[in-house]
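Here the structure is laid out as structure tokens; the discussion comes afterwards.
The values are calculated or read from the model by the stated rules, or taken from the named source; none is laboratory data. Being a predicted model, the structure only gives us computed values, none of them experimental. With ideal geometry, Cβ positions are generated from the backbone for all residues, glycine too; neighbour counts draw on all protein chains shown. Calculation scope for accessible area: heavy atoms of the full protein, side chains included, ligands and nucleic acids excluded. Shrake-Rupley method; radii C 1.70, N 1.55, O 1.52, S 1.80 Å.
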Amino acid sequence: SPFHVGLPLRLPAFTLDQTQQLAQRYRVAWDDGLISLHTLVEGHPYLIHLALYSLSVHKMDLERLIDEAPQQSGVYSGHLRSYLAIFEAEPNLARTFYRVIEQESTAELEPMAAYRLESMGLVTLVGNTATASCNLYRRYFGGRLGTG
């Protein structure tokens, strides 16, 4: 809206039970592979939806979907490349995010960088520190941002 009317909504990560319920609605059989998928995206609602949609409608193989997830040919390629384009246009933001994903624990960020990365859904903030919001982002961007 040009008037910025309304409140921004943030969906929390799906629990394993919520992911299982959504899989049932998509008529995707629940198994250990879906637990691996849930772990890879750490319950990220959009990423869960996109995977379940691909499994249900496009009849993708779950193991292949998980293996290819952090690759250019994966189901998340468009989503991940849109972030990569932002990082190419904003190298400082890319360096900041790379610092987050290369650390095992949390990283303290400047307020505006933290706000941008959290707004993009790439990090989870706790106080002044940030962690990557899911393993998929660590795997995909760790191999791309760290090479430049």
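Below is a table of values for the structure above.
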item	result
Whole-percent pair-distance distribution, where bins are 5 Å wide, for the alpha carbons of the range 87-146	4, 22, 36, 27, 10, 1
Pair R95, L16: separation of 7 Å Cα→Cβ label points (nm)	4.1 nm
Sum of side-chain charges, H38 neighbourhood, beta-carbon under 13 Å (Lys, Arg +1; Asp, Glu -1)	-4
Lys, Arg +1 and Asp, Glu -1 on Cβ, resulting dipole of the range 82-135 about Cα centre, debye, nearest 20	60 debye
Estimated FRET transfer efficiency when R0 is 35 angstrom, pair A29-S77 (beta carbons, to 0.05)	0.90
Compactness of the chain, expressed as Rg and Dmax over alpha-carbon positions, Å	16.1, 46
Label-point gap, in nm, between E68 and N128 - each point 7 angstrom along Cα→Cβ	4.5 nm
Cα-centre dipole for the chain with unit charges at Cβ (Lys and Arg positive, Asp and Glu negative), debye to 20	360 debye
Accessible area of the range 18-148 belonging to carbon and sulfur atoms, whole % at 1.4 Å probe	48 percent
Stretch gain in nm, segment E88-E118, where the contour uses 0.36 nm per residue and the Cα spacing is subtracted	9.0 nm
The chain - percent relative contact order, Cα under 8 Å, separation 6 or more	19 percent
Helix-only mean residue ellipticity at 222 nm for the chain, each DSSP H run of n ≥ 4 adding -39500 (n - 2.57), per residue, nearest 500	-17000 deg cm²/dmol
Trypsin sites (Lys or Arg not before Pro) lying in DSSP loop within the range 111-148, provided at most 15 other Cβ fall within 10 Å	none
